[in-house]
1. Can you tell me, using C-alpha contacts under 8 Å and at least 6 residues apart, the relative contact order of the chain as a whole percent?
2. Mind scanning K225/K247; K181/K225; K154/K194; K194/K247; K121/K154; K121/K247 and naming the pairs with a C-alpha gap bigger than 18 Å?
3. Would you list I241, I65, I53 from fewest to most Cβ contacts within 10 Å?
4. Rg and Dmax of the stretch 160-219, using alpha carbons, in Å: what are they?
5. Run the dipole for the chain about the Cα centre, Lys and Arg Cβ at +1, Asp and Glu Cβ at -1, nothing else charged, and hand back the magnitude in debye, nearest 20.
6. Okay, which of the stretch 156-181 sit inside 12 Å, backbone N to the point 7 Å along the Cα-Cβ direction of Y208?
7. Counting helices only, and only those DSSP H runs with n ≥ 4, report the 222 nm mean residue ellipticity of the chain as the sum of -39,500 (n - 2.57) divided by its residues, in deg cm²/dmol to the nearest 500.
8. Considering the options Y96, V74, T224, tell which one lies farthest towards the positive end of the dipole of the chain, charges being +1 on Lys and Arg and -1 on Asp and Glu at the Cβ, about the Cα centre.
Amino acid sequence: MGGYLMQLQNFSVNDGDGIRTVVFMAGCPLRCAWCANPEGQTCCNAMTHWAEIGDVLKKLRQQEIFYRYSGGGVTFSGGEATAQPHFLAELVDALYDDGISLALETCGQFDFAALRPVLQKMDLLFMDLKHPDTQAHRRFTGQGNETILENLQKAAALGVPLVVRIPTIVGVNADDATMEKAFTFISGHCPGAKMELLPYHRYGEGKYTELGLPRPSADFAAPTKAQLARWEALAAQQYGIEVVSYK
Ligand code: SF4
């Protein structure tokens, strides 16, 4: 039993608390027009590989001393980790029984009832809200946002600390009206959730060439630091949302 991985990244400090290993799992139901990990959109390609559960667990357990001393742990990411629900559940169950702290980074497009036991074992959940408007969400990711909005609300009610992440991209969602619509949803429907704005970057573009895919639109850009700061202040002061940064 196993699944498809892109890589295990040790000594990460941007994906939760402390020193972590990020498990980049392959496969994703979305096709975001700006995706920084296009190799993770499908399970099987030249940049992914099959991994046995026992081998993955062995590698993660070798890092346990770093997790313990730093307050870190393991973060499941992708691609979209929930796209391989059985692989994810097996890894989560074993690491949870070890007492290792767990986090999940997800796009939110998954079957909540099926994933509930996995989510309840997390110490921290990062869930994306890429666009509050379903038509725009479909245009930029290939799927409407109905399931994601529903899952965000269910996740907020789980009792697991939740950070709603907004990839903030000029040409997609980085405008006042869209940001305020997102803040309104978070403050109204995700009580207790924190929020992180992730400015767009182009680090993954070389992979598009390697995979023979067209690069993301040249129109996409990062907002300025001043714009980000203004939206963060607005979210905190007018919507009562706690703003955090793990990057
Ligand atoms: S959800 Fe993440 S991995 Fe999937 S297409 Fe979007 S950016 Fe890429």
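1. Working: 488 pairs, mean separation 44.2, N = 247.
Answer for the chain is 18 percent.
2. On the way: K225/K247 14 Å; K181/K225 20 Å; K154/K194 15 Å; K194/K247 15 Å; K121/K154 15 Å; K121/K247 24 Å.
Pairs exceeding 18 Å: K181/K225; K121/K247.
3. Numbers: I241 21, I65 10, I53 15.
Ascending number of Cβ neighbours within 10 Å: I65, I53, I241.
4. Reported Rg and Dmax, both Å: 15.0, 43.
5. On the way: 21 positive and 27 negative charges, 64 e Å.
Roughly 300 debye for the chain.
6. none
7. On the way: 9 runs with 93 residues, N = 247.
Here the helix-only value at 222 nm equals -11000 deg cm²/dmol.
8. T224
Coordinate-derived values only; no laboratory data. What you see is a predicted model; the values in this text were computed from it and never measured. All Cβ positions, glycine included, derive from the backbone under ideal geometry; neighbour counts span all protein chains shown.
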